[in-house]
Amino acid sequence: MSSRLNAIKISTRDVPPRSQWALEQSGIPSLLARLYAARGVASRDELDDSLAKLLPPSGLLGITSAAQLLADAVRQQSRICIVADYDCDGATACAVALRGLRLLGAQHVDYLVPNRALDGYGLTPTISERVAATGAEVLMTVDNGIASSTGVARAKELGLTVIVTDHHLPVADVPAADAIVNPNQHGCTFASKAMAGVGVMFYVLLATRAELRARATWQTASEPKLDVLLPLVALGTVADVVKLDANNRRLVSQGLRRIRSGNLPVGMAALFAVAGRKSFAATTADFGFALAPRINAAGRLSDMRLGIECLTTDDAARADELAKHLDDINRERKQIEGGMRDQALEIASNLLDASEESANVKPSAISVFDPTFHEGVIGIVASRIKDQWHRPTFVFAPSGTTLKGSGRSITGFHLRDALDLIAKRHPDLLLRFGGHAMAAGCTIDEGSFALFDAAFQQVALEWLDRETLQQRLLTDGTLPASECRFDVAESLNREVWGQGFAAPVFCDTVEVVSQRIVGEKHLSLKLKHQGIAIDAIWFNRVEPLQATATLAYRLEADEWQGNKRVKWMIEAA
């Protein structure tokens, strides 16, 4: 069968003319004004990335209580233990908490991060017991905890003060913590519901500093500067693929600004180096495709403490050592993922072929399991399958006596809500579940895969229609030849793009001068665009193009041995 269930439909974003005109009148270059207007920006004020424009911490429900408890802990020098998550958001949130609390004067701060395979996700009763055994008096979660009512209850039984900081959607049984800070908890009116776990932790630190200031802890001149944490906030925000609303864009922009000026933790600098990226020209793409995978690899295959130590050490030699180790683990992750991805894609393809032959319909969702799969990379593989066939996808792997599943979704299908409905229809099926609209996870008994597959497919059949299942690529239309320049590409790459504020993709009809396969699976092209010669590459494409083709592409600023040129990265045709 085809590698895609249906062809990608290319369309052009609407550009409100009044917004574009207003942006141009305020001094923004025409191309950028057009791109911003197409993404909902109506005035230059919305592009102001100054710290003064950040939403105030006071808007977060529960943050005053959390700040008071942490201020008490700092003043009394209580022992604080941070319980982190094992992805990049969790690692950066933990690093921000460790660094931030120490800046605020805490002297006894440690952390514990669950092992993906042994402990599962979140604050479990066992994790609470391990925290209590360290002698901690305050337990604070970062990027988890909102679904951990039993773990919180156990921590309270052990006499711990519990602060939950999270951003995931709450469950019905809200934990009885001493304070909960989560923009998505019921009753919270904070305008940015898309903040990552690391952003929530940063806000808690801002509120704690304000509380300590109110208690006359410092003279104004000696007050700790928390903006040094923004590089970590930016990395975790982009890595977690949360929507880059105005507030998140400001956090990311401020972090990038500091990184480019050389004000970044030595561990981040070491990660840029092993990835072959330049920190002085850092982009959001560097976060998503270079730094985050190396940190995530530790949580997937080894121990996330390696990633957290890399982000918290101030010893440059140790940072280099850890960054190289993370790079090695990431190479191993790629090898495991590559084999699993090919196997999973083949399984999915066979399932889809069989489904279409028997029912003459295209299935609305995909579930894949194999006993040889490694649970550390099931999320990545689910993402690859989802991208390939544009269907909500779950991939399962053995985890002790259970199966652990990781899912990725498409626009219009809320994955966590789908799991909630499955749990209501089949009360004994999901042992645990949680997540977001676009990414979620669950645990089931080892003999329950077929039931999950049927239940997941049923929800997808009910919720998804042909329009939603049509894969689309929104582009920014044609790019004038006068804008197809190295400096323009470089300028665009420096902007803050990401989930919900997509990087520019243009679309033009071109002459295909020549084409050849490179690396056995990529199409290298020489094109003519409005009479100008352009080099292009289409990754994972081997089928040749016609002599004239309409291509969707991203601009790449390509520099090699001092030669600067624009290169097109083809997305679709």
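Each reported figure results from applying straightforward, stated rules to the coordinates on display, with no laboratory input. Given the structure is predicted, the values throughout are model-derived calculations rather than measurements. Positions of Cβ are backbone-derived with ideal geometry, glycine not excepted, and every protein chain shown enters the neighbour counts.
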The simple spin-label model distance between Gln107 and Thr150, using points 7 Å out along Cα→Cβ, in nm, is 3.9
By the gyration tensor of its Cα atoms, with a ≥ b ≥ c the square roots of the eigenvalues, what is the shape of segment 51-329: rounded for a/c under 1.5, prolate for a/b over b/c, or oblate?
rounded
Taking every C-alpha to C-alpha distance in segment 155-263 and binning by 5 Å from 0, the per-bin percentages run 2, 11, 18, 18, 18, 16, 10, 5, 1, 0
Restricting to DSSP H runs of at least four residues, report the calculated mean residue ellipticity at 222 nm for the chain, -39500 (n - 2.57) per run over all residues, nearest 500 deg cm²/dmol.
-13000 deg cm²/dmol
Per its Cα gyration tensor (rounded if a/c is under 1.5, else prolate when a/b beats b/c, else oblate), segment 74-164 is best filed as oblate
In debye, nearest 20, what is the charge dipole magnitude of segment 346-469 about its Cα centre with +1 on Lys and Arg Cβ and -1 on Asp and Glu Cβ, if you could check?
360
Whose amide H sits under 5 Å from the amide H of Leu244, counting only residues 5 or more places off or on another chain, with H placed in the peptide plane?
Gln499, Gly500, Phe501
Check every DSSP H run in the chain and write down those whose alpha carbon atoms cover 20 angstrom or more along the long axis and whose mean Kyte-Doolittle hydropathy is 0.0 or greater.
88-103, 197-214, 449-463
Here the convex hull volume per residue of the chain, taken over Cα atoms and given in Å³, is 163
Length gain on complete extension for the stretch Glu462 to Gln77, per 0.36 nm per residue less the alpha carbon to alpha carbon distance?
133.1 nm
Efficiency of FRET between Glu157 and Arg215 - r from beta-carbon atoms, R0 41 angstrom, step 0.05:
0.85
Taking the Cα centroid of segment 214-230 and of segment 465-487, what is the distance between the two, rounded to the nearest whole Å?
45
Need the C-alpha centroid separation for segment 138-207 versus segment 284-305, integer Å.
24
Segment 51-329: relative contact order as a whole-number percent, Cα under 8 Å and 6+ apart:
21
In the neighborhood of Tyr86, defined by Cβ-to-Cβ distances under 11 Å, what is the net charge if each Lys or Arg adds +1 and each Asp or Glu adds -1?
-3
Show which lysines lie in cross-link reach of Lys567 when reach means a straight Cα distance below 24 angstrom and same-chain residues fewer than eight apart are skipped.
Lys9, Lys278, Lys521, Lys526, Lys528
Out of residues 5 or more away from Thr478 or on other chains, whose amide H comes under 5 Å of its own, with H placed 1.01 Å from N in the peptide plane?
Cys507
Percentage relative contact order, the chain, counting C-alpha pairs under 8 Å, at least six apart
12
In whole Å, what is the distance between the alpha-carbon centres of segment 98-115 and segment 394-438?
32
Cα to Cα, under 27 Å, and not fewer than 8 places away if on the same chain: which lysines meet these conditions relative to Lys193?
Lys53, Lys225, Lys243, Lys386, Lys424
Run the numbers on segment 1-157 and let me know its relative contact order in percent, using alpha-carbon pairs under 8 Å that are six or more apart.
19
Above 19 Å lies some portion of the pair distances; for segment 292-429, what is it as a whole percent of all C-alpha pairs?
60
Aspartates and glutamates whose Cα lies under 17 Å from that of Lys564, excluding same-chain neighbours fewer than 8 positions away
Glu483, Asp487, Glu490, Asp535, Glu556
